[in-house]
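Chemist: Below is one structure. I have some questions about it.
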Amino acid sequence: MPDPILSLADVSLSLDGNAGRVEILRGISLEVAEGETLGLIGPSGSGKSSLLMLMGGLERASSGTIMAAGHDLSAMGEDALARFRRHHMGVVFQSFHLIPTMTALENVATPLELAGADDAFDRAAQELAAVGLSNRMDHYPAQLSGGEQQRVALARAAAPRPRLLLADEPTGNLDGHTGEAIMELLFGLRDRHGATLILVTHAPDLAARCDRILRLSDGRIDTDARAAE
């Protein structure tokens, strides 16, 4: 059996709050296979987004080990983590996080340029075309609808051809029809690039589209099952 693309061993996360130390995640251990789609569900405050941030190296675990694509994220500094994400990960947030002074094309191309891609703008144009924005490439975020901005964010995440695609409530700021279209694009990008997709969602129907569903409760894994079960 091939090594998992993502492996967490006894990972915990605690943060200092106004009322003292708060335990966010407690002893999380799991493995994610290459090409798998994993849905993270659970009530608000259960630790779903925090777990996703740890998987992406955007938050540092208080204890435990996180291995991603053969790299020990727990032992890497911020610069090394940024380089790792640039080459191996695509991240899509509920808020689009586009740079307002850049066009859609520039928003997608800039991370590719930072990663040293010679064809950054060509690849950015291809990914924007793939999400139906061929005619909006020169528009700025303020000139785009919420659904269009999320399409730009999807194109930006997919452009580096990441092995890992992380999505945190990517339809949370969108109406139902637009959100459904975004999810179709997200799973389509995953299929086109063969990436491993990890999706945080409150929507049971979206989670059911994943190969496997992980339910969190009070910072712990409550259930871990195949979606069809």
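The values are calculated or read from the model by the stated rules, or taken from the named source; none is laboratory data. This structure is a prediction, so every number in the text was calculated from the model and none was measured. A quick note on method: Cβ atoms are made from the backbone with ideal geometry, for glycine too, and the neighbour counts reach across all protein chains shown. Calculation scope for accessible area: heavy atoms of the full protein, side chains included, ligands and nucleic acids excluded. Shrake-Rupley method; radii C 1.70, N 1.55, O 1.52, S 1.80 Å.
Chemist: Would the range 46-58 turn up any residue that is buried (at least 17 other Cβ atoms within 10 Å of the Cβ), over 30 Å from Ala203 (Cα atoms) and not polar (S, T, N, Q)?
Modeler: There is no residue in the range 46-58 that is buried (at least 17 other Cβ atoms within 10 Å of the Cβ), over 30 Å from Ala203 (Cα atoms) and not polar (S, T, N, Q).
Chemist: Out of (1) open to solvent by 70 Å² or more (accessible area, probe 1.4 Å); (2) under 28 Å from Met102 (Cα atoms), the odd one out for Thr171 is which?
Modeler: (1)
Chemist: Do we find a residue being over 29 Å from Gly47 (Cβ atoms) and exposed (fewer than 15 other Cβ atoms within 10 Å of the Cβ) anywhere in the range 189-208?
Modeler: Within the range 189-208, the subset over 29 Å from Gly47 (Cβ atoms) is 192.
Subset that is exposed (fewer than 15 other Cβ atoms within 10 Å of the Cβ): 192.
Within the range 189-208, one or more residues are over 29 Å from Gly47 (Cβ atoms) and exposed (fewer than 15 other Cβ atoms within 10 Å of the Cβ).
Chemist: Counting only residues that are open to solvent by 30 Å² or more (accessible area, probe 1.4 Å) and touching a Ser or Thr at 6+ places or on another chain (Cβ under 8 Å), which one in the range 95-124 is farthest from Asp72 (Cα to Cα)?
Modeler: It comes out as Met102.
Chemist: When residues of the range 43-86 are filtered for being assigned to a loop (DSSP other than H, G, I, E, B) and either over 17 Å from the mean Cα position of the chain (by Cα) or more than 29 Å from Arg192 (Cα to Cα) (or both), how many remain? Quick ask: steps written out before the conclusion?
Modeler: First, the residues of the range 43-86 that are assigned to a loop (DSSP other than H, G, I, E, B): 43-47, 56-62, 69-70, 76-77.
Then drop every residue that is not either over 17 Å from the mean Cα position of the chain (by Cα) or more than 29 Å from Arg192 (Cα to Cα) (or both), which leaves 43-47, 60-62, 70, 76-77.
Selection size over the range 43-86: 11.
Chemist: Give me a count of the residues in the range 213-225 that are touching a residue at least 24 places away in the same chain (Cβ under 8 Å) and either open to solvent by 30 Å² or more (accessible area, probe 1.4 Å) or under 18 Å from Pro170 (Cα atoms) (or both).
Modeler: Of all residues in the range 213-225, those touching a residue at least 24 places away in the same chain (Cβ under 8 Å) come to 213-222, 224.
Adding the requirement that they be either open to solvent by 30 Å² or more (accessible area, probe 1.4 Å) or under 18 Å from Pro170 (Cα atoms) (or both) leaves 213-215, 217-218, 220-222, 224.
Selection size over the range 213-225: 9.
Chemist: Any residue at all in the range 8-17 that is of a type in the set (Val, Ile, Thr) and either touching a Gly at 6+ places or on another chain (Cβ under 7 Å) or within 30 Å of Asp138 (Cβ to Cβ) (or both)?
Modeler: We begin by selecting, within the range 8-17, every residue of a type in the set (Val, Ile, Thr); these are 11.
Remaining after also requiring either touching a Gly at 6+ places or on another chain (Cβ under 7 Å) or within 30 Å of Asp138 (Cβ to Cβ) (or both): 11.
Within the range 8-17, one or more residues are of a type in the set (Val, Ile, Thr) and either touching a Gly at 6+ places or on another chain (Cβ under 7 Å) or within 30 Å of Asp138 (Cβ to Cβ) (or both).
Chemist: Report, by residue number, each residue of the range 74-93 that is under 25 Å from Leu186 (Cα atoms), surrounded by 17 or more Cβ atoms within 10 Å (Cβ to Cβ) and hydrophobic (A, V, I, L, M, F, W, C).
Modeler: Leu81, Phe84, Met89, Val91, Val92, Phe93
Chemist: Could you pull out the residue among Ser134, Ser63 that is among the polar types (S, T, N, Q), surrounded by fewer than 19 Cβ atoms within 10 Å (Cβ to Cβ) and farther than 22 Å from Pro4 by Cβ? Spell out the reasoning first.
Modeler: Values: Ser63 fails: farther than 22 Å from Pro4 by Cβ.
Result of the check over Ser134, Ser63: Ser134.
Chemist: Would you pick out the residues in the range 1-34 that are outside any strand (DSSP E or B) and open to solvent by less than 20 Å² (accessible area, probe 1.4 Å)? Explain how you work it out, then say what you get.
Modeler: Step one: filter the range 1-34 for residues outside any strand (DSSP E or B), giving 1-5, 18-19, 33-34.
Listed by number, the list holds a single entry, Ile5.
Chemist: Only strands (runs of 3 or more DSSP E) wholly contained in the range 135-229 count here; list those with 1 or more residues that are acidic (Asp, Glu) and at negative phi. Break it down stepwise before answering.
Modeler: Details: elements: 164-168, 196-200, 212-217, 220-226.
Those strands (runs of 3 or more DSSP E) span 164-168, 220-226.
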